[in-house]
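Here is the structure we will look at.
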Amino acid sequence: MELHWDLRFGIWDFMTELENNLSKIIDYLKSELATIRTGRAHATMVEDLLVEAYGQKMSLKELAGITVPDPSLILLNPWDKSILADIEKAVRESKLGLSPVVDEEVIRVPVPPLSEERRLEFVKLVKEMIENARQKVRASRQEAIEEIRRQEKDKEISEDEKFRLEKEAQGQVENCNREIKEIGEEKESEILRI
């Protein structure tokens with residue numbers, strides 16, 4: 001989508017802001033969906049778990065190497081072995097429902113297959129996340145449209161420019177919604193795949 005730079009009207013600013021907001025919504029959605037189990041082990045499931053260590057909360061990826069030697073196991077190798085118990089506790093108490101096992105200097109996190117009931121719960125959670133993202137997209141669109149109409153009312157842009165900008169904003173929103181839909185469908189099929 002081509003944006004037109006017009007310093008007189010600040011058009012660049014709010015259209016760029018719309019594009020940035022939509023991009024942030026997509027990025028946030030992807031990071032949230034990465035935390036949902038799919039029945040296969042992957043590092044993103046645990047890398048952002050917060051661990052109480054050294055008197056503060058730190059993400060697991062800051063404290064340990066995370067590997068996935070096979071589809072049903074995550075291996076955590078803390079750089080400082082004195083925090084093994086802290087990492088185990090964080091994984092055990094997470095919403096992931098995993099049971100870590102301390103094995104000498106590493107933590108093994110078996111990822112059991114999901115039950116059908118649990119898969120359906122996760123699909124429902126994905127749908128909620130998708131809807132939240134769509135609501136944020138609608139709010140961003142509304143802000144852009146209000147700014148376009150304000151500028152037209154204040155005679156900063158012409159009526160033709162208003163229609164062109166509204167169409168451009170709508171195009172960005174439609175592209176974002178299409179991407180959100182594809183991301184959601186992909187995650188759902190990943191969860192339901194046995």
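The values are calculated or read from the model by the stated rules, or taken from the named source; none is laboratory data. What you are looking at is a predicted structure, and each value in this text was computed from that prediction instead of being measured. Every residue, glycine as well, gets a Cβ built from its backbone with ideal geometry; the counts of neighbours run over all protein chains shown.
One residue alone among Ile107, Ile183, Ile130 is at pLDDT 90 or above and touching a strand residue (DSSP E or B) at 6+ places or on another chain (Cβ under 9 Å), and that residue is Ile107. With respect to the conditions (1) under 30 Å from Leu73 (Cβ atoms); (2) surrounded by fewer than 18 Cβ atoms within 10 Å (Cβ to Cβ); (3) not polar (S, T, N, Q), Glu159 falls short on a single one, namely (1). Looking at Gln142, Gln135, Gln151, just one residue is more than 24 Å from Arg193 (Cβ to Cβ), surrounded by 18 or more Cβ atoms within 10 Å (Cβ to Cβ) and assigned by TED's automatic domain parsing to the domain that holds Glu185, and that residue is Gln151. Answer with yes or no whether Glu143 is over 30 Å from Ile66 (Cβ atoms), without any contact (Cβ under 8 Å) to a residue 12 or more places away in the chain, touching an Asp or Glu at 6+ places or on another chain (Cβ under 9 Å) and part of a helix (DSSP H, G or I). Against the criterion (over 30 Å from Ile66 (Cβ atoms), without any contact (Cβ under 8 Å) to a residue 12 or more places away in the chain, touching an Asp or Glu at 6+ places or on another chain (Cβ under 9 Å) and part of a helix (DSSP H, G or I)), Glu143 does not qualify. Looking only at residues in segment 1-42 that are among the hydrophobic types (A, V, I, L, M, F, W, C) and at pLDDT 85 or above, the one that is surrounded by the fewest Cβ atoms within 10 Å (Cβ to Cβ) is Ile26.
In segment 101-122, the residues that are part of a helix (DSSP H, G or I) reach residues that are of a type in the set (Ser, Thr, Tyr) with C-beta atoms within less than 8 angstrom, at least six apart or across chains, in these pairs: Phe122/Thr38. Selection of segment 36-56 for residues being under 21 Å from Gly97 (Cβ atoms) and not hydrophobic (A, V, I, L, M, F, W, C) yields Arg37, Thr38, Gly39, Arg40, His42, Thr44, Glu47, Asp48, Glu52. So which residues in segment 87-103 are crowded, with 17+ Cβ neighbours inside 10 Å and either on the phi > 0 side of the Ramachandran plot or of a type in the set (D, E, K, R) (or both), if there are any at all? Listed by number, the list holds a single entry, Glu88. Scanning segment 149-176 for residues that are of a type in the set (A, V, I, L, M, F, W, C) and modelled with pLDDT of 90 or more returns Phe163, Leu165, Ala169, Val173, Cys176. Look at segment 53-76: where a residue is closer than 15 Å to Val106 by Cα and without any contact (Cβ under 8 Å) to a residue 12 or more places away in the chain, no partner that is of a type in the set (Phe, Trp, Tyr) and in a strand (DSSP E or B) sits 6+ places away or on another chain with Cβ atoms under 7 Å.
List the number of the failed condition for Ala85; all other conditions in (1) assigned to a helix (DSSP H, G or I); (2) within 18 Å of Ser31 (Cβ to Cβ) hold. So Ala85 meets the others, but not (2).
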